[in-house]
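Since every read-out is calculated from the coordinates, none of them should be taken as a lab result. Quick caveat: nothing in here was measured; it's all calculated off a predicted structure. Don't worry about glycine lacking a Cβ; one is built from the backbone with ideal geometry, like all the others, and counts go over all protein chains shown.
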Amino acid sequence: MKTLKAILGVLVAAVGVSLNAWGQQSAALEMQQWPEGKVVLTDGSIIYGPLTLYQSKDVINVQNEDGSISAFSPVHVQYFVAQDQPSGRSYLFRTLPWDMGRTNSDFKKPTFFEQLNQGPLTLMRREVPMNPEPNYPSSLYGRNSYAAPGSYPVGYAPTEQAQEVYYMLLPNGEIVALHNVRRDLYKLFGKKAGKVKAYVKEHRLSFDRPYMLIAIVNYFNSL
């Protein structure tokens, strides 16, 4: 846990420059690749090597030193940290139990989420298919709603096959999809929404920019 908190501290400190890049992604395979990474398994084992995340399958592959590939589903992973080169930017993905957005369901599936901050309200992110299965949570916001044109890494090609969706991890472990980011966040902010609105106006923040969105959530957490 101390290691995870230390990693989060580094990620949050670098968030202003790191969030518009998501690793090199193949539109056809809905995958992200990083030249370096670390996967921490549920049994405490740690594996290092280049990483490939398959979004739709929720599988992380690690290339071993001998060239072989080890594949892990969320049920076997505590968290993994992926690192871009040469920028050195890091991305933290955690395994969380999730009801897949289905109401009145007691079943929760271990699922990978990218964690963007740390606090009572924790902002998470996932890519979901454009044509999801019935009852699968979706969003009206496409990828370009959160990253300005030209901000993607070399080798990235935007795709209509998947879209980013933001989620909020609540203190009780519940995961809430932010279908309308501004509206849903202010609802979660409750009685403190007025103070947050004043902060957003004063600093001219936008809910469409990832680093600004994180700043808004972090401000609420500081109240």
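Considering only residues that are small (Gly, Ala, Ser) and buried (at least 18 other Cβ atoms within 10 Å of the Cβ), which ones fall in the stretch 31-48?
Hit for the stretch 31-48 is GLY37, nothing else.
Step by step: first the residues of the stretch 172-191, then only those that are free of Cβ contacts under 8 Å to residues at least 40 places away in the same chain and exposed (fewer than 14 other Cβ atoms within 10 Å of the Cβ), then the one that is farthest from MET124 (Cα to Cα). Which residue is that?
LYS191
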